[in-house]
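Read the figures in this text as sums done on the coordinates, not as results from a lab. The model shown is predicted, which means the values in this text are computed figures rather than measured ones. Cβ atoms come from the backbone with ideal geometry, glycine included; neighbour counts cover every protein chain shown.
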Amino acid sequence: MPRALAQLAARLRREPVSPDADATDRDLLTRFLRDQDEAAFEVLVVRHARLVGSAIAKVLADPHDAEDAFQATFLILVRRARSIDWGTGFGPWLYGVAHRVAVKVRDASRTRARREKGGGSRPAPPSPIDLSWREACALLHAELDRLPDRYRLPLLLCHLEGKTRDEAAAALQVTVGTVKGRLERGRELLRTRLARRGVALSVALVAAVAAPGAHAVPPPVSVTLRAARGGASDRVLTLTREFAMSSVLSQFAQSVAGVLGVVAVASVLLAAGAGVPTHATDEKRTPPAPQPGAVKTAEEPKGTTKTDAFVVNVQVKKPDGKPAAGANVWVWADDQKLTEGRTDANGRADLTVPKFFERVTVFASAPEYGPDWSESRPVAPGKPAAGSPTELTLVENERAIEARFTDLEGRPLANLPVEVLRLAKLYPGQTWAEFRAKRAADDLALQSLPRVRGTAAGLPKQLSTDKDGRIKLTGVGKDRLVSLATAGQTHEYTLVRIVCRELEKSEELPGHEPLCGARGTVPLAPARTLTGTVRDARTGAPVPGMKVTDIGFHLTGAVTDKDGKFTLHGMKKQREYALAFGSLGVAPYFDLNESLPDTPGFEPLPIDVKVYRGVVATGRVTDDRGRPLRGHMFYHWTDDNPNVAEYGRGTRAGYRVSNWGDLDADGRYKLLVIPGPGLVGVCARPERLFPRLDAQKESAPRKVYSWPGAPLHALREVNFDPGNEKTFVHNFSLTPGAVCDLTIRGEGGKLTERLLAVGQSEAAEAQPVVGATLKLTGLSPTRARAVVFMDDAKTVGAVAAVTGGAGTPVTVTLEKLGAVSGRLRTADGSPAIGAEVRVRLLLDRAKYDNLPDEVFTTLGVSGIEPGAWKHFTGRTARTDKDGTFTLTGLLPGQEYHLIAGFNVEKMGGELLHERNGVTVKPGGTTDLGDLNPKK
């Protein structure tokens, strides 16, 4: 028996057989995402560790690089779980991800090494005789990485992994003939591309690449599990962010996205703002509302003027559609009630908000009814909110929520603090039964519902259970959902969702955040207490005022005392405890993530940590009139900052709990930095009032390869010198961008009844257009703002490009939409029956400042490119029995990208035709003729 097989057999004899050994990959991943079943994730990692490690070892020689790539591969798996096509091979998909991650790591390491040696741009490709085997292998890996999946994966499996064609076909779930054809086509593509770079594709070269790596042993499973809980390094998180599927996340969500998957991110956001649990009962409701006609306004912040104010018009109705006279109405933003009033006899109220906000939430409530709310976006200071009046409909309030909390033996837990976190509602006009019928009431469906903070909706911040373990919460409303969090010391801190209706047992949901009915029972397990001390990494002195919180789902927390000590209650017993430490402003310490393995029993578990002290930079951000701005500061050191190593782990926390860099009400900030060169920038709010910078384009030449998730409005090179205090003070004055009216002219001079648009606001989805004129703000003189119009029936539309230098109002004229047709053929010339044909709108990112990042799976694992709101502008059709297709609703004068084939958006699909530059004329049909497979 070969030595490697003997070692494997010995290991298998030593290890017990897992009860999950027969579970499918899909089942294991689902259990981890839904129930946080770490054992399932561990089985998944162990099952594919050799495959992933093998793919990485063929590219990377450095064991530290290999470990980072290994962790990033499985974090990408978690983030892209919903996009996996389980009808095709999961193993090959994961192998392909690992290979691409490894190539990315290798290229980044070489770029860094070249910079450190003072090298400039990439040298020209050498001739074949000058190339070493190592260079040739690197080029082969790079070109493999650029191939489409349908050619790349068979090559990886057969030539790098050594599988036969039959084995590769089984793994990819295609025929052997298909594998043969793709191998031949893939080799030809590789041969051509390598020849352009001075390399001849030979059997010897392929054999050299396929040779086992020196460091093929994957990192311990515990390391990957720790990364999945939040303990990943900055480098691993950066790799994950670059390769994983991404919509534009908020800055907070990006700090945790990919660490715990979609469910975890939603849970963290759900409890954001809840802070450290308090144990004092507070059942006070909103103070009595003013009399009808009276309006109470919050105190105006310093620096505001009357011109900052805007008006929100509110119309409140009862469940039967009649006006709700005397209803309480209020406006909420910036974590406070800005103004309040009561509706008149017609159910209307006009609320004046003293300060301009990019968006506010309008609430309404009344005795005997549940509340309603809606987001409102003001157009500009001094103007009514867009879409006025804001219509709100109260709901019936048939019952109170009287959930019961017990221990695992069914005994009531009396005097248990229960926090009210969020209130969610179904979509307009929808009942619970309709919601259940339309989509399964699972975690993802529930998290997509509109929701607000409970206190903003007038609910109490905290309740306490009675002697029978029950709480009583009134005023929620029929079919509303409340998110609660237990905060006891002896039992686990648990999130739970309660729907305000009775649920059958079969309708309840288990998991880390269970769902139950209004009188449901929630059992709680005993909790583990963690105690410890936080000390300065250099001096060993205790650090007071550090917040300590669980990175997982339970969100319990504590603050260190004057001796640096803390006690963390309510921890769910688990294999390993992942904790985050963050400064609350008492002392300038960087955030830190730490993990602690569990031990038997429930006695307090000790943990001591060391944190790294930074240096505080300060400043103020105002507009050009001296008015303070809100938002957040961006900071990152340059890649060649010599002080990074000195600060060790202090700069690498993936999960952050501190608020360094936030702009306060006076526009002031405190930013935690390290000495040496770096970049400081401003992400201001309201973000749409100021011109945006291209963060990636601005940062890279300055040797900073990180950028904020929010729009960047200002950026400055800095060099923090401990010997010069002035270098730590940086003020910014932002000049609002130009304002331009965009007038829409209908086809034939008449506007369509229901016109939609994207690009006029930050919303990713199309929004209704109110009136014939839009006011665009924050325009840049150099980059245009793209606004795409289309009616609901997809008969007319246009694309407007507006820059800050327009000077005068811009008019866009709607035109009849066009169509494109053609006949798709297979390789033998026969009609491609039932094939899919897709087009997507092409807009240039260099020209426009507001294009979203979108995922195009035909581009491969990392197929994230600037898009053009593909769900709104993209079109799809299928060919008929003659291979004929027609795509309608295309914008005239714009370029489209067309792809056609079978399952072209899925791994293992067959691409038959692809082309750019597809255009249509107003009201016309462009016939592309016969579309044959590309040779």
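Please work out the FRET efficiency for the pair ASN415 and ARG627, using the Cβ-Cβ distance as r and a Förster radius of 56 Å; give the result to the nearest 0.05.
0.70
How much length is gained if the chain between TYR427 and LYS934 is pulled fully straight, taking 0.36 nm per residue apart and subtracting their Cα-Cα distance, in nm to one decimal?
Extending this stretch completely gives an extra 177.9 nm.
How far apart, in nanometres, would the label points at ARG191 and LYS847 be if each is projected 7 angstrom from Cα along the Cα-to-Cβ direction?
With each label point 7 Å from Cα toward Cβ, the separation is 4.0 nm.
Which pairs, out of LYS478/LYS547; LYS547/LYS573; LYS425/LYS670; LYS425/LYS472; LYS317/LYS775; LYS670/LYS703, put more than 27 Å between their alpha-carbon atoms?
LYS478/LYS547; LYS425/LYS670; LYS317/LYS775
Starting from the alpha-carbon convex hull of segment 404-524, give the projected area averaged over all orientations, in nm².
In nm², the orientation-averaged hull projection of segment 404-524 is 7.2.
Subtracting the Cα-Cα distance from 0.36 nm times the residue separation, let me have the gained length for THR175 to SER706 in nm, one decimal.
Full extension of this stretch gives 186.8 nm more.
Could you list ARG451, ARG668, ARG422, ARG754 so that the one with the fewest beta carbons within 10 Å of its beta carbon is first and the one with the most is last?
Fewest to most other Cβ atoms nearby, the residues stand as ARG754, ARG668, ARG451, ARG422.
For ASP320 paired with LYS670, estimate the spin-label separation in nm (one decimal), with each label point 7 Å from Cα along the Cα-to-Cβ line.
In this crude label model, ASP320 to LYS670 measures out at 5.7 nm.
What translational diffusion coefficient, in µm²/s and rounded to a whole number, does the Stokes-Einstein relation yield for segment 736-859 at 10 °C and a viscosity of 1.306 mPa s, taking the hydrodynamic radius as the Kirkwood radius over Cα pairs?
D = 96 µm²/s.
Throw me the Rg/Rh for segment 527-611, computed over C-alpha atoms with Kirkwood Rh, two decimals.
That ratio equals 0.95.
First measure r as the distance between the Cβ atoms of VAL616 and GLU576, then evaluate 1/(1 + (r/R0)^6) with R0 = 35 Å and state the FRET efficiency to the nearest 0.05.
0.60
What is the Cα convex hull volume of segment 523-565 when expressed per residue in Å³?
Cα convex hull per residue, to the nearest whole number: 79 Å³.
Pop a pseudo-label 7 angstrom from the Cα along the beta-carbon direction at both ASN659 and ASP561 and give the gap in nm to one decimal.
2.5 nm
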